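The values are calculated or read from the model by the stated rules, or taken from the named source; none is laboratory data. Everything numeric in this text was worked out from a predicted model, so none of it was measured. Using ideal geometry, Cβ is built from the backbone for each residue, glycine included, and neighbour counts are taken over all protein chains shown. The protein model used for the area step is the full one, side chains on, heavy atoms only, and it has no ligands, DNA or RNA in it. Shrake-Rupley method; radii C 1.70, N 1.55, O 1.52, S 1.80 Å.
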Amino acid sequence: MLLTIDTSAGTAVALVDPAARTVLAERSTEDTRRHAEVVGPFLADVLSIAGVTPAEVTGVVAGMGPGPFTGLRVGIAAARTFAVARSVPFLPVVSHDAVAAAEADGGPLVVLTDARRREVYWSVYAGGSEAATDRSDRHGASRPLPVRTAGPGLARPDDLDAVLGDAADLRRVASVTIPAGRLGLLAAERLAVGTPFADDEPLYLRDPDVTMPGAPKRVRS
């Protein structure tokens, strides 16, 4: 059983059966200010709904962003803590990959999420990969996995066309939450075919507002 947590855009938690490629339970909210307050209850809810105990969880999938520092770190910390407590693998996945995977046609697109400060996070995806398919469709259909060809990146909306270049004309999908179930299904597919996971580093893409103070100034008499 894979527990999935993402707080890069809103808060989303899911429980996935990797063998059956099935989302057993999922909870989410678009609220971007209450990550810490809702992630614990969401964890309890999905385990209860699925009838799964914490001891049955075999891996924890974490959405690594891109996302703002304050919110993103909550989900990653929760995922790491659960994984360490249960002695199970911590599986990092780029959050935008789940949005691309959730799109029905699997064609080229640009995924956008809110980065605050009048900026957006972006990622560009080509069509599906021939190396693996997402066999998680609820109706049993196989679909190609998305292939990220550029990003994640950070840009102001007015500059986005210039930043995207040749990808500026692609269909754009703006997401206010990350589909945690789809994130878990991507992790299940990667485990099955041996595809590498993302780097174990949060994708903040900019420095946090809070910084460590420098050395105190010397006072001369």
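Worth a mention:
- Test result for VAL88, assigned to a helix (DSSP H, G or I) and aliphatic (A, V, I, L, M): no
- When ILE49 is tested against (1) surrounded by fewer than 16 Cβ atoms within 10 Å (Cβ to Cβ); (2) at pLDDT below 95; (3) touching a strand residue (DSSP E or B) at 6+ places or on another chain (Cβ under 7 Å), exactly one condition is not met: (2).
Yes/no per residue for (1) open to solvent by less than 30 Å² (accessible area, probe 1.4 Å); (2) touching a Gly at 6+ places or on another chain (Cβ under 6 Å); (3) among the acidic types (Asp, Glu); (4) farther than 22 Å from ALA188 by Cβ:
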position: THR22; (1), (2), (3), (4): no, no, no, no
position: ARG33; (1), (2), (3), (4): no, no, no, yes
position: VAL38; (1), (2), (3), (4): yes, no, no, yes
position: ALA44; (1), (2), (3), (4): no, no, no, yes
position: GLU56; (1), (2), (3), (4): no, no, yes, no
position: GLY65; (1), (2), (3), (4): yes, no, no, no
position: ARG80; (1), (2), (3), (4): no, no, no, no
position: PHE90; (1), (2), (3), (4): no, no, no, no
position: VAL111; (1), (2), (3), (4): yes, no, no, no
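- One residue stands out in the stretch 61-85 among those that are part of a helix (DSSP H, G or I) and small (Gly, Ala, Ser): the one that is farthest from LEU2 (Cα to Cα), namely GLY71.
- Test for ASP161: is it part of a helix (DSSP H, G or I), modelled with pLDDT of 95 or more and open to solvent by 70 Å² or more (accessible area, probe 1.4 Å): yes
- Of all residues in the stretch 10-20 being open to solvent by 10 Å² or more (accessible area, probe 1.4 Å) and part of a loop (DSSP other than H, G, I, E, B), the one that is nearest to VAL93 (Cα to Cα): PRO18
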